[in-house]
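I have placed the structure first, in the form of structure tokens, so that the comments after it can refer back to it.
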Amino acid sequence: MISRKMIEGRFFFKAFLFLTSTLLYACQSSGQEKQTSTASGDTVKINVIRNRTYQVIEHFGASDAWSGQFVGLWPDQKKNAIAELLFSNESDANGNPKGIGLSLWRFNVGAGSAEQGEASGIRDEWRRAESFLTPDGSYDWSKQAGQVWFAKAAQEFGVGKLLVFPNSPPVSMTKTGKAYANDGKSNLAESEYGAFGEYLAQVIKGLGEKGLPVDYVSPVNEPQWDWSDGGQEGTPFRNNEIAGIAKAVDQALAKNNLATKIDVAEAGKINYLYEQADKEGRGKQISDFFSPESPDFIGDLKHLSRTISAHSYFTTSPYESAVQQRESLNSVLKTVDGLRYWMSEYCILGDNGGEINGSGRDLGIDPALYMARVIHNDLTVSNASAWHWWLAISPYNYKDGLVYIDKEKEDGDFYESKMLWALGNYSRFVRPGYQRIAVEINNQKQQSPELLVSAYQSEDKKEVVLVLVNSGIKELIVDLSVDETPSSIAGLYFTSKEHNLKSVEVDMTASDVTIPARSIVTVVTEK
């Protein structure tokens, strides 16, 4: 949800060019597949260790901003096809997934800039948003109809969780009378916290009456940024302001007998959770919100989820720096008993140390591999229990979408990206309740950025899912084992230059698995 002016200017990430050496890898046991291994590939042994456990995965998600408001009103055939790509857990006759099976959907609650039109000051019509709240204080539940359609489609496909998030309070409550701030200052007066909390409670009730129960509400988003350029709806907040808003939302949820949980605080970068960095009063959010001695402590609120969230923007390159920052985050998370972490928004922005540039639409494998590496590090280093992409549907010339569309409000074509299917290598198979477990490559815990492997087991411990990201230019021959014992392979799915989460038939006579160069591969094993 970063403004493009911000991307192209002051927040560009400067870093050394990414350097890495090619390593040999290893992994052990039965890779029963139809593929035949070739002598040209390096052989590695991967062993999964089931009793060395980490976080339980809660969900993979994406948001309806901003295209959902229009695409949800497109012709049925097209919007249904897009919904299937995002939400379906079904497979075609050849075993190929029809969709990526997201397990959470993010609903952007608009501030009313769409009703203001050009007077809103938000230049791009697609980044304006309607509001359920009307100027006379009543609620119009016919608004945001396209987004409501997608939320219902998600529900019908079996998406288990719904989260609502405003980027700005309603324009009737803001200091500027607009959906963005002025001079980098908060756009909501303290006297309006109660009204804002009640408004969010009413939105949750209204959606519930439409058959859309809301599991989570995230009242602030990227509070470290200024949001003063009219690029989109948004407002900054300091930590003491966020604490006040969270308390007001908690009171409103209790008053209205709602079970919805509050998510805080969608930090603009992950380091703002554990250090002050360059945003005095807006950093160190873990200690500020969850340390009882803090004046901004909110950890005892009845409706607050035992989670804290941040966005991975501008912290993903170079590889060594990305890992170090996630280690620092995980270290501080461990200081608060039972606190979980959600990586709640990401797309590829900035220049990323020269590795990949966020500008320019690219439906190919390069951004998909980069994205998969980010997911891997967020899940295995910072131990995120949830991972959410930014724009599920994008009309833009950036690497920000899963499905891309023509920028047409009433009808247009849509285009699948490899990023859609790369996310599906995780979201379609690592289901809510699965637990991450340890992996060793050639008896080593350390992994190279050219081959990244993570593993997850089902709640009943009958299924193990591995996701392998081979960014190298060589195919790899992989021997798989679980607890040093060969395991039956039940499914194998490739995302590569040639394939979109393609199901590869398993050959029971094979003894290894060939992982293509520059691919993301999911392996499903059963006892």
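Summary of values
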item	result
Relative contact order, percent, the stretch 136-242 [alpha-carbon distance under 8 Å, six or more residues apart]	34 percent
For the stretch 458-472, 3J(HN,Hα) per residue [Karplus equation, 6.51 cos²θ - 1.76 cosθ + 1.60, θ = phi - 60°, Hz, x = Gly/Pro]	5, 4, 8, 6, 8, 10, 10, 10, 10, 10, 10, 10, 9, 8, x
Square roots of five times the Cα gyration tensor eigenvalues for the stretch 51-126, Å	33, 21, 7
Computed over the chain: relative contact order in percent, which uses C-alpha pairs under 8 Å that are six or more apart	23 percent
Reachable aspartates and glutamates, given that their alpha-carbon falls under 12 Å from the alpha-carbon of residue 407 and they are not under 8 places away in the same chain	124, 125
Positive-end residue, the stretch 402-494 charge dipole about Cα centroid, Cβ charges, pick of 442, 419, 429	442
Per-pair calculated FRET efficiency, R0 = 30 Å: residue 397 and residue 502 via Cβ, rounded to 0.05	0.60
Sulfur and carbon atoms: percent of accessible area, the stretch 68-107 [1.4 Å]	44 percent
Ranked packing of 460-466, 407-413, 67-73, most packed first, by mean Cβ within 10 Å	67-73, 460-466, 407-413
Under the Karplus curve 6.51 cos²θ - 1.76 cosθ + 1.60, θ = phi - 60°, whole-Hz ³J(HN,Hα) for the stretch 299-305, x wherever Gly or Pro sits	x, 9, 5, 4, 9, 7, 6
Burial order of peptide ranges 495-502, 133-140 (average beta-carbon count within 10 Å, highest first)	495-502, 133-140
On Cα atoms only, tilt of 418-427 relative to the major axis of the chain in degrees	80 degrees
Stokes-Einstein D in µm²/s, Kirkwood radius over Cα pairs - the stretch 121-267 at 37 °C with 0.692 mPa s viscosity	209 µm²/s
Rule-of-thumb Rg ratio for the chain [Cα; 2.2 N^0.38 Å; N residues]	0.95
Volume of the Cα convex hull of the stretch 253-360, divided per residue and given in Å³	118 Å³
Using a Förster distance of 45 Å, the FRET efficiency for residue 43-residue 331 (Cβ separation, nearest 0.05)	0.80
Under Karplus coefficients 6.51, -1.76 and 1.60, residue-wise ³J(HN,Hα) of the stretch 226-238 in Hz, glycine/proline x	6, 6, 10, 10, x, x, 5, 5, x, 7, x, 8, 8
Whole-number accessible area per residue in Å² for the chain, which is evaluated in the context of all protein chains at 1.4 Å	36 Å²
Antiparallel DSSP beta bridges within the chain, as percent of all bridges there, nearest 5	55 percent
Relative frequency of Cα-Cα separations exceeding 17 Å in the stretch 76-180, percent	60 percent
Percent accessible area from carbon and sulfur atoms, the stretch 175-231, protein chains only, probe 1.4 Å	42 percent
Rounded to 10°, Cα long-axis angle of helix 76-87 versus longest principal axis of the chain	60 degrees
Linear extension gain, residue 459 paired with residue 155, 0.36 nm per residue minus alpha-carbon span	107.2 nm
Acute angle (nearest 10 degrees) that the helix 365-380 long axis makes with the longest principal axis of the chain, alpha-carbon atoms	80 degrees
Hits among lysines - C-alpha to C-alpha of residue 497 under 21 Å, sequence gap 8 or more where chains match	34, 98, 399, 418, 474
Of all accessible heavy-atom area on the stretch 261-302, the percent that carbon and sulfur account for (1.4 Å)	45 percent
Lysine pairs in the stretch 220-341 with Cα atoms under 20 Å, if 8 or more residues apart or on separate chains	10
Order by protection proxy (mean Cβ within 10 Å, highest first), peptides 355-368, 84-97, 290-303	355-368, 84-97, 290-303
Lysine pairs within the stretch 99-203, Cα separation less than 23 Å, 8 or more sequence positions apart or different chains	5
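The values are calculated or read from the model by the stated rules, or taken from the named source; none is laboratory data. The structure presented is a predicted model; accordingly, all values stated were derived computationally and were not measured. Here the Cβ is made from the backbone with ideal geometry for all residues, glycine too, and neighbour counts use every protein chain on show. To get the accessible areas, we keep the full protein, side chains included, count just its heavy atoms, and leave off ligands, DNA and RNA. Shrake-Rupley method; radii C 1.70, N 1.55, O 1.52, S 1.80 Å.
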